[in-house]
Amino acid sequence: MAHSGYMRANYTRSAFVGATLVLALTGCGPAESNSAEPALAGNLGDGSSSGEEPSVDKQEQITPGGIAAIVLQHLGSDAVRKFVTYEPEPGSVSVLVQLRDGTPHNFAVQVYSPKQAELFSEARQCPREPKHKGELCRTLENGTTVTTRQDAGGFSDDNVDGMVISATAITPEDGGTLAMYESYDDSAAVSMTDLEDLLTDPRLTWLTEPVVNRAGEGIDVKESTG
């Protein structure tokens, strides 16, 4: 997969560059289907933000397995075929997700530290008017700014008939989360609502509860060698 001119020309908001870069650096076209079954995640609770928040000294940096555990809980083990991670850029943890859906696709989920999330200054608050057709933005009660977007057309050089669904959730003091799903036709196995629900899970953050990472220890997350 190449970091195509389509992405450079049309992804004007900097917050979407991170997820795009994940796919551009690690992907090589649509995901392959011959892969191992991911293990089931352990008990993570329901992801509710109600009740007392865990103290910072009891939290730890999220791992690729921790991200995978949350993805599995949201999408279901029946939907996911494989997870892949790779040596990340500083201040980020990223996972590529291969779904069982037969549509060729690329799907990445990325978590940024608060320092790295400063790169996405434009996504910290919603603009008065959407800068792009198909873009939705709202700010939650906890101050998280969530932006979702759908584009007709893929960003990979070999994808001329596809579509891209992307989302960001930025909370300055906690960091940011990004996700991007690219389909090679005009259908998608996930929706903008799916991505928003995933990215606003309070456990999917740079510092998370240890139980999240423990649940991820039993999940087979492959390491990319490419």
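Structure summary
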{"read-out": "Residue in the stretch 174-217 that is farthest from the chain's Cα centre (by Cα), counting only those that are small (Gly, Ala, Ser) and closer than 20 Å to His105 by Cα", "value": "Ser187"}
{"read-out": "Scope the stretch 81-98; condition over 11 Å from the mean Cα position of the chain (by Cα) and buried (at least 21 other Cβ atoms within 10 Å of the Cβ); matching residues", "value": "Lys82, Phe83, Val84"}
{"read-out": "Within the stretch 140-226, strands (runs of 3 or more DSSP E) holding 1 or more residues that are in contact (Cβ under 8 Å) with a residue 24 or more places away in the chain, touching a Pro at 6+ places or on another chain (Cβ under 7 Å) and closer than 23 Å to Gly65 by Cα", "value": "175-183, 221-223"}
{"read-out": "Those residues of the stretch 165-197 which are surrounded by 19 or more Cβ atoms within 10 Å (Cβ to Cβ), of a type outside the set (Phe, Trp, Tyr), farther than 27 Å from Lys115 by Cα and in contact with a Ser or Thr (Cβ under 8 Å, 6 or more places away or on another chain), in sequence order", "value": "Glu182, Ser183, Ala188"}
{"read-out": "Strands (runs of 3 or more DSSP E) wholly inside the stretch 11-115 containing at least 1 residues that are touching a strand residue (DSSP E or B) at 6+ places or on another chain (Cβ under 9 Å), at pLDDT 60 or above and among the basic types (Lys, Arg)", "value": "80-85"}
{"read-out": "Members of the stretch 127-166 found to be out of contact with any Asp or Glu (no Cβ under 6 Å at 6 or more places or on another chain) and hydroxyl-bearing (Ser, Thr, Tyr), listed by number", "value": "Thr139, Thr144, Thr145, Thr147, Ser156, Ser166"}
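The values are calculated or read from the model by the stated rules, or taken from the named source; none is laboratory data. Bear in mind that the values here come from a model prediction, so they are computed numbers and not experimental data. Every residue, glycine as well, gets a Cβ built from its backbone with ideal geometry; the counts of neighbours run over all protein chains shown.
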